[in-house]
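To keep things clear, I will list the structure first and then write my remarks on it.
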Amino acid sequence: MSFFFNNHSAQPACTSNVHRPMGGIAGLREVHDDVGRLTVSVFPFAMVKDISLTLAAVPACYILADHATAYIGETGNAGRRLGEHSGDPSKAFAREVYVISGYQRAWFDKTAAIYLQFRLTQIAEQADLVDILKGTNPQVLELPNHKRASLDHFVEHGERLLFDAGCRVLRSNFASQRRKAEAVDTDMAIGPEDTGPMQIDVTGLPPLGSELELAYGDLWARGYPVRDGFVVTAGSEVRSLVNPSVNPILRTRRAELAAADALAIIPGIDDRARLRVAVCFPSAAIAAKVVTGAHVSSGKWVNRRYPEPILIAG
């Protein structure tokens, strides 16, 4: 008992409440306190369809996470958005969902959701405990100082509730579990074949039924395997940001593409570029890494959901 009374922390003591509306242990939990305006709802990703109705039309910032990866989003309708994610192959990594919303709906709006997405993404990238999967970069809002100050309180409060809910994307007393997991997957590592030459401006068409699509956020890319490697087709998008933890060869490949004028700016969009020409990489794994700027595997290339056009006769 003496430890608590003699601990001269600059932070005041606080209490979080955990409510399990459905009972059990690992199902839905709602975490809040008696003085703040936020609540964090946490539940398994597999339960999204069961929970989505309770979050309909709820503005929220949310985190999809496993031990190695996190996706931080914002929405004006958490139920609908999470339902969309449940059918998205690029979100299949998720094991738990953390939804930050207002304890009363009027206390948290779309502006707050956008601001929290931006700030929590910053904090998560600085912590470097997991890889942050992005679609587009979070918005930077132009806000008056008094509004920003209020939302910064939401950030601090949200961090505390997220930690109490079990989220270890922003803070953890353990080292990252990401690197251990990656060491087991040989496809994640840079192999000798990945250092081979990259062929820029190749010609040819994918064999019928062989074209694959990239499952990484909303990044649009197509590719197909060939005898000597993997071709990423012209028109595919290349993420501008390169994660700090990637192998240096990814930056070398990016520099080669830039030097060959193979990347085109997309007007009005600054978080990605577009391939002017098709590029043949030594393997599907290095192709995925270069396109995403992240330490991912060849498993990011998946069968196209809509491989053939649908014709409707009148």
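The values are calculated or read from the model by the stated rules, or taken from the named source; none is laboratory data. The shown structure was predicted, so the numbers you read here are calculated from the model rather than taken from an experiment. All Cβ positions, even for glycine, are placed from backbone atoms using ideal geometry, and neighbour counts span all protein chains on display.
Can you work out which of the residues in the range 208-234 that are in contact with an Asp or Glu (Cβ under 7 Å, 6 or more places away or on another chain) and closer than 20 Å to R254 by Cβ is surrounded by the fewest Cβ atoms within 10 Å (Cβ to Cβ)? Among those residues, the one meeting the criterion is W220. Of everything in the range 290-314 that is among the basic types (K, R) and in a loop (DSSP other than H, G, I, E, B), the residue that is modelled with the highest pLDDT is R304. If you go through the range 145-182 and keep only what is outside any helix (DSSP H, G or I) and either at pLDDT 90 or above or polar (S, T, N, Q) (or both), you end up with A165, G166, C167, R168, V169, L170, R171, S172, N173, S176, Q177. Going by what's in this entry, would F108 be described as aromatic (F, W, Y), more than 14 Å from the chain's Cα centre (by Cα) and closer than 16 Å to H19 by Cβ? Taking the combined requirement at face value, the residue does not satisfy it. The numbered conditions (1) within 25 Å of D88 (Cα to Cα); (2) modelled with pLDDT of 80 or more; (3) aliphatic (A, V, I, L, M) are all true for I200 except (1). A count restricted to the range 237-262 and to residues that are of a type outside the set (S, T, Y) and either closer than 16 Å to G223 by Cα or part of a loop (DSSP other than H, G, I, E, B) (or both) stands at 12.
Can you find even one residue in the range 103-126 that is assigned to a strand (DSSP E or B), crowded, with 21+ Cβ neighbours inside 10 Å and in contact (Cβ under 8 Å) with a residue 24 or more places away in the chain? No, the range 103-126 contains no residue that is assigned to a strand (DSSP E or B), crowded, with 21+ Cβ neighbours inside 10 Å and in contact (Cβ under 8 Å) with a residue 24 or more places away in the chain.
Is it the case that V140 is without any contact (Cβ under 8 Å) to a residue 60 or more places away in the chain, assigned to a strand (DSSP E or B) and under 25 Å from N243 (Cβ atoms)? Judged against the criteria, V140 is not a match.
Does any residue in the range 72-88 that is within 13 Å of G102 (Cα to Cα) come within less than 7 Å, Cβ to Cβ, of a residue that is surrounded by fewer than 17 Cβ atoms within 10 Å (Cβ to Cβ) six or more places away or on a different chain, and which pairs are these? Note: pairs meeting the criteria are G76/K110; N77/A56; N77/A57. Could you identify the single residue in V48, V42 that is crowded, with 18+ Cβ neighbours inside 10 Å, touching a Cys at 6+ places or on another chain (Cβ under 9 Å) and either within 20 Å of S86 (Cα to Cα) or not assigned by TED's automatic domain parsing to the domain that holds E156 (or both)? Only one candidate qualifies: V42.
Of the residues making up the range 93-102, those that are in a loop (DSSP other than H, G, I, E, B) and surrounded by 15 or more Cβ atoms within 10 Å (Cβ to Cβ) are F93, A94. When D128 is tested against (1) charged (D, E, K, R); (2) at negative phi; (3) at pLDDT below 95, exactly one condition is not met: (2). Of all the numbered requirements in (1) at pLDDT below 90; (2) over 21 Å from P197 (Cα atoms); (3) of a type in the set (A, V, I, L, M, F, W, C), L250 misses one, and that requirement is (2).
For residues in the range 7-21 being hydrophobic (A, V, I, L, M, F, W, C) and exposed (fewer than 12 other Cβ atoms within 10 Å of the Cβ), which is modelled with the lowest pLDDT? Filtering first and then ranking leaves A10.
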